[in-house]
Amino acid sequence: MSSVQTSHQAVDVQGLWKIFNEGSNNEVTALSDINLSVKPGEFISLIGPSGCGKSTLLRVIGDLTGATRGEVFIAGETAPVAREKQLYGIAFQQAALFDWRTVRRNVELPLELQGLGKKERRERALELLELVQLSDFAEHRPWELSGGMQQRVAIARSLAVDPPLLLMDEPFGALDEMTRERMQNELLRICQETGKTIIFVTHSIPEAVYLSDRVIVMSPRPGRITHTVPIELGERNEDTRETDTFYAGVTAVREALRGRSASASPPRIEEL
Amino acid sequence: MSEPVSGKQRGATRTRVQRGVISILWALAGVVLVVLMWEAVKFLGSFIELPINTSDTSMPHVWTMVDAFSNPVVRGSDTTVLQAVVSATLTSLKIALGGFTIGVTFGIVLAVIMQRFAFFERGLLPFVIASQTVPLIALAPLIVGLGNRISFGPIEWTTTYSVMFIAAYLAFFPLSVGALRGLQAPSATSLELMRSYAARPNQMLWKLRFPSSVPYLVPALKVSAAAAVVGTVVAEISTGVKGGVGRLLIEYARETTSQPAKVYVAVFGAIALGLAAAALVSALDLYLTRNLPKESQA
Ligand SMILES: Nc1ncnc2c1ncn2[C@@H]1O[C@H](COP(=O)(O)OP(=O)(O)OP(=O)(O)O)[C@@H](O)[C@H]1O
Ligand SMILES: [Mg+2]
């Protein structure tokens, strides 16, 4: 990988380290020497055992916490500038909707903060609610919605400013299997319709394989990228989850998660 | 997927109204109970020796109290005791309301400063807490003395302002502590979300911190309102300021031998003052929590 910033990657992470409480005796190296480039329109998943630094990586990319060493670029801009310019949208495991706002006004929030006019942001919010198929619930309160519906509102909200990049931290973690699969299809559909780049954190191997162009496998203590598994499933449909390519992908990711040695990994996994 | 029932909200409103009616009925039942107990104790006292004096001078009959409402304040006067008490109660209400407003405003401002600058929280919070150990009520005459030497140009500092100051002082503390907790209530996720939107500090305050503080603010407002009312009445008594219900309480208490029921009219005035404050805060509560799920209502 070139260390020269070409500014054409959707996301470019170079030599990133994140050390919490550096110098004190409860020092934690959450991320060690992370290098990652994501092409525009690419869907990548981060997977790895709990505590391997997936959320931290996402938060550093989003400039929600600073990097200890190394650099992060989003569409050629440094992370703080990218955040100021609203170059990404983020969705967490908790929908984190504001109870005191209606569903529509939750989606409007990022636009409101940018100072967009009442009418424009209303139109935009309704458009996005249609995209996540919640038009009928625009004037409901978040607590009147089911978990899956709330999560869809959160996704609509993350799309509000039409950012080229979406950062998603286990957004479907709390959902049942059926809802989850439907949400995955909805997310893929939204991606296709909007051409967004996605970095998606998940604990589910099938989910990572189904959604991604590339699965990034991480391991803990210190958090680092151990494998990158490319996935070539083509257009996803109802049968995709039953295909051999899909199973092969699942196996490859599972092996990568288990085996730390090069020999344990099938040949199609790129060792880092 | 569980679809919300469209009638759910209306149903919730209805139970809310029902709950209101039920609580009013309970309150009335409580009043009836107190009246019955009062008369029962008096009745018992006329047969057996009770540790309290149940004579008509100490414990006038409830109907004597009601009768006293329409007595003239002093022999030959046109104003009835009731009128005097109502006007005194209104005066006290204004003072309490003024003190409450000042205390709440100051409490919120202080909480915002403490939340915004950790330095101030560390520096100010101990003083805020220590301030409550000063028995201001006991020092009320001193405050009046100090106040009388203050003048803001054309505005003259009257003893009434001293009373209002004491009420404000008592109201501010619960409010500032509650508001501070409320402002610190937003979850880490909500805060990160706002940060991801590059929200400015004042947006953070108005769009997230204030709305999240409501569940903490409402109980704090209740405590503050009670403190303002008690502070007003007690400060009126201890400073002897004229016009309020506190003053009437001591004045009428001196007349128990001649008109034992009179002081109770003033007591009812003080109770009405408390109820008015409670009603005000309940209205505030309903307004502030109108958008929140019913469970989070205090
Ligand atoms: N604010 C923080 N202060 C100190 N240590 C932290 C902080 N945030 C995360 N860590 C540490 O960094 C490491 C990585 O945490 P992170 O939340 O990124 O893991 P994760 O991969 O997202 O785990 P999970 O799958 O359970 O969500 C953990 O060891 C955690 O204890
Ligand atoms: Mg995590």
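Bear in mind that the values in this text are calculations on the coordinates, not laboratory data. As the structure is a computational prediction, the values presented were derived from the model and not from experiment. Every residue, glycine as well, gets a Cβ built from its backbone with ideal geometry; the counts of neighbours run over all protein chains shown.
Packing here is the average count of other Cβ atoms within 10 Å per residue, and on that basis the peptides A:196-203, B:54-61, B:124-131, highest first, run A:196-203, B:54-61, B:124-131.
Could you put B:Val245, B:Val233, A:Val161 in order, starting from the residue whose Cβ has the fewest other Cβ atoms within 10 Å?
Details: B:Val245 32, B:Val233 25, A:Val161 18.
Ordered from fewest to most neighbouring Cβ atoms within 10 Å, B:Val245, B:Val233, A:Val161 come out as A:Val161, B:Val233, B:Val245.
Straightening the chain between B:Arg290 and B:Val17 buys 96.9 nm, computed as 0.36 nm per residue apart minus the Cα-Cα spacing.
Going by neighbour counts of Cβ atoms within 10 Å, the residues B:Ser190, B:Ser282, B:Ser70 line up, fewest first, as B:Ser70, B:Ser282, B:Ser190. The A:Glu27 and A:Glu186 beta-carbon pair, evaluated with R₀ = 41 Å, returns a calculated FRET efficiency of approximately 0.50. Karplus-based coupling profile of the range B:160-170, in residue order and whole Hz: 4, 5, 5, 5, 4, 4, 5, 4, 4, 4, 6, with θ = phi - 60° in 6.51 cos²θ - 1.76 cosθ + 1.60 and x standing for Gly or Pro. Seen against the Cα atoms of chain B and their longest principal axis, helix B:262-288 is set at about 20 degrees. Per residue, the protein assembly as shown reaches -17000 deg cm²/dmol at 222 nm when only DSSP H runs of four or more residues are counted, each adding -39500 (n - 2.57).
Please find the FRET efficiency linking A:Glu77 to B:Ala283, where r is the Cβ-Cβ separation and R0 is fixed at 35 Å, and quote it to the nearest 0.05. Computed FRET efficiency for A:Glu77 and B:Ala283 comes out at 0.10. Compared with the dominant principal axis of the Cα atoms in chain A, helix A:177-194 is inclined by about 80°.
A protection proxy built from the mean count of other Cβ atoms within 10 Å ranks the segments B:147-154, A:131-138, B:37-44, most packed first, as A:131-138, B:37-44, B:147-154. When the alpha carbon gyration tensor of the range A:12-138 is reduced to an equivalent ellipsoid, its three semi-axes come out at 33, 16, 15 angstrom, largest first.
What fraction, in whole percent, of alpha-carbon pairs in chain B exceed 27 Å separation? Beyond 27 Å sits 57 percent of the P(r) for chain B. When both bridge partners sit in the protein assembly as shown, DSSP labels roughly 60% of those beta bridges antiparallel. For helix B:81-116, what angle does its Cα long axis make with the longest principal axis of chain B, in degrees from 0 to 90 and rounded to 10? Tilt of helix B:81-116: around 20 degrees. A P(r) calculated from all alpha carbon pairs of the protein assembly as shown, with 20 Å bins opening at zero, reads 17, 37, 25, 16, 6, 0 percent.
Each peptide in B:19-26, B:268-275 gets a packing score, the mean of other Cβ atoms within 10 Å over its residues, and the list from highest to lowest is B:268-275, B:19-26.
Among the residues of B:193-204, the average count of other protein chain beta-carbon atoms within 10 Å of the residue beta-carbon is 6.
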